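Below is one structure, written out as structure tokens; comments come after it.
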Amino acid sequence: MQRSFARRGVASVIILALAACGGCRGRQHAHVLKQNDANMVGSHVAGAETYKPLIEESVAKLLGREAESAGIQPAGLNGQVGCKRICFVGVENRSVEEIGDFKEQIYEIIDSHISESGIFQSVSKRFVDAALMETRLRPDQLFLPNNRRMFAAALEEVGQPFDYLLFAKITSGTTGSNGDYQRDYLLTLELVNIQTGDNDKESATLRKGYHKSALGKFKHYGL
Amino acid sequence: MGITNAEVPNDEGMTKHEARRLGKVKLCPCLPAMCSLRHSAFVILSSFVISHSSFLCTGCATHADHLRDIRSAYFAGDLDRAEKLIDVELGKRRGDAGVLKLERAMIELCAGRPASAERLLREVRDEFDHLEQRDVAEETVSMLTDDQRRAYAGEDYEKVLVRAFLSLANLMTDGQDAAAYGLQVAAKQQEIIQAGCVDSDDNPKLAYQRVAVGAYINAMLHEASHSNYDDAERAILQVAEWQPDFRFKADDFERVRYGRHSEPGNGVLYVFALVGRGPYKEEAVEVPTSAALLVADRILSVTGKHTLPPTIAPIKVPRVVRGSSRSEIPVFVDNDPEPRGKMETITDIGKIAVQQAEAVAPQVLGRAIARRVVKKGAIYATKEAVNRGSNPLAEFGLDVIGVAWEATESADTRCWGMLPDTIQVLRIELPVGEHRVSFPSGWNSIAGIPTFCGEKIEISDGRNTYVLACFPDSRLVGRILVSQP
């Protein structure tokens, strides 16, 4: 019995030591998602599952309202009567999270939606960036009338007049509970009329719960 | 409690086991095959240990030994020789190609071939990502030999720095991917820290100091866009948190929060320098642990049925050693006799490497002890299998094999050995046009004045220009790289 026990003990030690290091090394794989495949849900921060609905909702609201309202006399260019010229300055991230490579994509999606709407015609981002560099103005300084005029003049000089400035801003609010937390994401689109200074805001919100365990969802939000 | 056949007393009142020890029982004649198997086990183990010992004894030089000449050549500025030595090693040690490619990439970067350096670094990044997964066969072999048998997946700080150097190398070419690599620096750090708590709640990697150069590059690029000041501000706050003694953090924050990239008619020069000799690993002996293990195996040998191989060969573990450091380098612009400023450390690689090694030292030591336990256990099991307890000579022979087996272990000293001790940076706003940037590089003993090395640069309105130089000691190694993506 003693010998058997010793054998088993030694064998166990070896097996345990090897098992502790267990696992297999595999190659990374990838697949192309279908149109109707759901987005992956970010476990620690927001991702496509958050930003895409926010963009869709806020842009739809903004375009819907603008379509109903009687617009100002558009700046017009090359006979494109009826289209308001819009200068999308950029996306400002004031949330608690880094959005990393999503920022450029958020800009592009919003810009594409606006351009495709038929209500607005957008100024190319390359012109916008060049004008910001030329004037050395920060996006947040464009709310001052003098700065706005200077910026508009810089774009007019290169044949890109515009009627509106558009700003996008992402903010967040966090509520914590015993290690789990809920984060509310808000995307706000702010349209500023450069002639009058009037502004129009639309926003979309999305709430997301982050939990330490799979049961966290049921604990805080029920079945 | 049950009783096995071996414990049933025979006619003389002895168990078979006792009788066998006294030589008063014959082995069962119907089990010649079993005896043969036991003998085979003994022969296989002996052959494995002996062949492995001879293999290791003939080539037991560690990576640290191989690296010594390469580092010397590189730090002396002899890039050609360093390159040749690495190529020789690459030919001989294909299993360590990843870590050797890192050294090669440093040479490429300093020699003024950043695109080639970027390609190599990208290969290593992908290889390390693959190798950081566990492989049971490799782990088993490493338990029976040593950690050098495992494919090298890089230390945590190396995995992060690969991405930081990718960003720097890309800045010196077209700069198109520099921001992406910069983001990868932060993402990899986060991934490493999160992975540190898989096995327990106590995560030693939470104490890791972060590599701030990636965040700094991101801040620099966001600011140069003239529109992403919010991201620049966020990145500078990360820099301030991750490299708290970075002297320019307050100025940088003030500028990205309230100011602007540069005055009209000006551009910005960023000077990066790879300064000092970086950390490396050497083999260290864990004396207290070895002594404790020796005492433990002696106790077990006295109380157990068989002896265990004594822990004569000490337990060896890698130890990260800081290389030589150098103070901040002054930067001169045009013919101004006064320096325009002194560079500031944005990432203290030596400190980070030592700190990370200390954080995971218990795990490294734990693996070394587990290996010894496995080896001693294997010898013990062999003694049981061949049942040589009655033969002190065989018992002694197996102990000798065990000691020899343990003595073949070497610490895994593989590391990225050509890293600098620090990465330093200086931001200078300059008027548009051509300038010359220079650094002190040695001392003219005849004239009694410092010598300088420099390079012409072009500053464009509202844009960044980048300079990268390598100063392992007081002299420049390789070329000064200039880029305006």
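The values are calculated or read from the model by the stated rules, or taken from the named source; none is laboratory data. If you're wondering where the values come from, they're calculated on a predicted model, not measured in any experiment. For neighbour counting, all protein chains shown are included, and Cβ atoms are generated from backbone atoms with ideal geometry for every residue, glycine included. For accessibility, only protein heavy atoms count, side chains too; no ligands or nucleic acids. Shrake-Rupley method; radii C 1.70, N 1.55, O 1.52, S 1.80 Å.
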Residues that are in contact with a Ser or Thr (Cβ under 6 Å, 6 or more places away or on another chain) and among the aliphatic types (A, V, I, L, M), drawn from segment A:166-197: A:Ile170, A:Leu186, A:Leu187, A:Leu189
Unmet criterion (only one of (1) open to solvent by less than 70 Å² (accessible area, probe 1.4 Å); (2) within 30 Å of B:Ala378 (Cβ to Cβ); (3) within 14 Å of chain A (Cβ to nearest Cβ)) for B:Ala219: (2)
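If you take just the helices (runs of 4 or more DSSP H) that sit entirely in segment B:115-226, which of them hold at least 3 residues that are modelled with pLDDT of 95 or more? Steps first, answer last, please.
Working: elements: B:136-144, B:156-171, B:178-195, B:213-224.
Fully inside segment B:115-226 and qualifying: B:156-171, B:213-224.
Every residue in segment A:111-127 that is touching a strand residue (DSSP E or B) at 6+ places or on another chain (Cβ under 6 Å) and within 14 Å of chain B (Cβ to nearest Cβ), please. Write out each step before concluding.
To start, the set of residues in segment A:111-127 that are touching a strand residue (DSSP E or B) at 6+ places or on another chain (Cβ under 6 Å) comprises A:111, A:114-115, A:120-123.
Hits for segment A:111-127 are A:Asp111, A:Val123.
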Which numbered condition B:Val136 misses (of (1) out of contact with any Cys (no Cβ under 9 Å at 6 or more places or on another chain); (2) β-branched (Val, Ile, Thr); (3) without any contact (Cβ under 8 Å) to a residue 12 or more places away in the chain): (1)
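Results for (1) among the β-branched types (Val, Ile, Thr); (2) modelled with pLDDT under 95; (3) open to solvent by less than 40 Å² (accessible area, probe 1.4 Å), shown as yes or no for each residue.
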position	(1), (2), (3)
A:Ile99	yes, yes, yes
A:Lys103	no, yes, yes
A:Glu116	no, yes, no
A:Ser122	no, yes, yes
A:Arg136	no, yes, yes
A:Pro139	no, yes, yes
A:Leu144	no, yes, no
A:Leu155	no, no, yes
A:Tyr181	no, yes, no
Long-range neighbours under 7 Å by Cβ, at least six apart or interchain, first residue aromatic (Phe, Trp, Tyr) within segment A:125-148, second in a helix (DSSP H, G or I): A:Phe127/A:Leu155
Selection count, segment B:356-375, where residues are open to solvent by less than 20 Å² (accessible area, probe 1.4 Å), more than 9 Å from every other protein chain (Cβ to nearest Cβ) and charged (D, E, K, R): 2
Count of residues meeting criterion [over 32 Å from the mean Cα position of the chain (by Cα) and either within 14 Å of another protein chain (Cβ to nearest Cβ) or closer than 28 Å to B:Gly397 by Cβ (or both)] in segment B:260-294: 9
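Quick one: which residue in A:His44, A:His31 is open to solvent by 50 Å² or more (accessible area, probe 1.4 Å), within 13 Å of another protein chain (Cβ to nearest Cβ) and either farther than 18 Å from B:Ser142 by Cα or at pLDDT 90 or above (or both)? First the steps, then the outcome.
Numbers: A:His31 fails: within 13 Å of another protein chain (Cβ to nearest Cβ).
Exactly one residue qualifies, and that residue is A:His44.
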Condition broken by B:Leu308, with the remaining ones in (1) in a helix (DSSP H, G or I); (2) within 14 Å of another protein chain (Cβ to nearest Cβ) satisfied: (1)
All positions within segment B:249-259 that are surrounded by fewer than 19 Cβ atoms within 10 Å (Cβ to Cβ) and either within 22 Å of B:Leu430 (Cβ to Cβ) or within 8 Å of chain A (Cβ to nearest Cβ) (or both): B:Ala250, B:Asp251, B:Phe253, B:Glu254, B:Tyr258, B:Gly259
Segment B:295-304 - residue that is out of contact with any Lys or Arg (no Cβ under 7 Å at 6 or more places or on another chain) and within 14 Å of chain A (Cβ to nearest Cβ) and, of those, least open to solvent (accessible area, probe 1.4 Å): B:Ser301
Odd one out for B:Leu144 among (1) more than 14 Å from chain A (Cβ to nearest Cβ); (2) open to solvent by 30 Å² or more (accessible area, probe 1.4 Å); (3) not β-branched (Val, Ile, Thr): (1)
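Among the residues of segment A:178-186, is there at least one that is at positive phi and without any contact (Cβ under 8 Å) to a residue 24 or more places away in the chain?
Checked segment A:178-186: at least one residue is at positive phi and without any contact (Cβ under 8 Å) to a residue 24 or more places away in the chain.
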Where a residue in segment B:213-225 is among the aliphatic types (A, V, I, L, M) and its partner, wherever it lies, is in a loop (DSSP other than H, G, I, E, B) and open to solvent by less than 30 Å² (accessible area, probe 1.4 Å), with Cβ under 7 Å and at least six apart: B:Ala224/B:His261
So B:Glu328, is it buried (at least 23 other Cβ atoms within 10 Å of the Cβ) and acidic (Asp, Glu): no
Residue match in segment B:377-384 (condition: open to solvent by 10 Å² or more (accessible area, probe 1.4 Å) and either polar (S, T, N, Q) or not in a helix (DSSP H, G or I) (or both)): yes
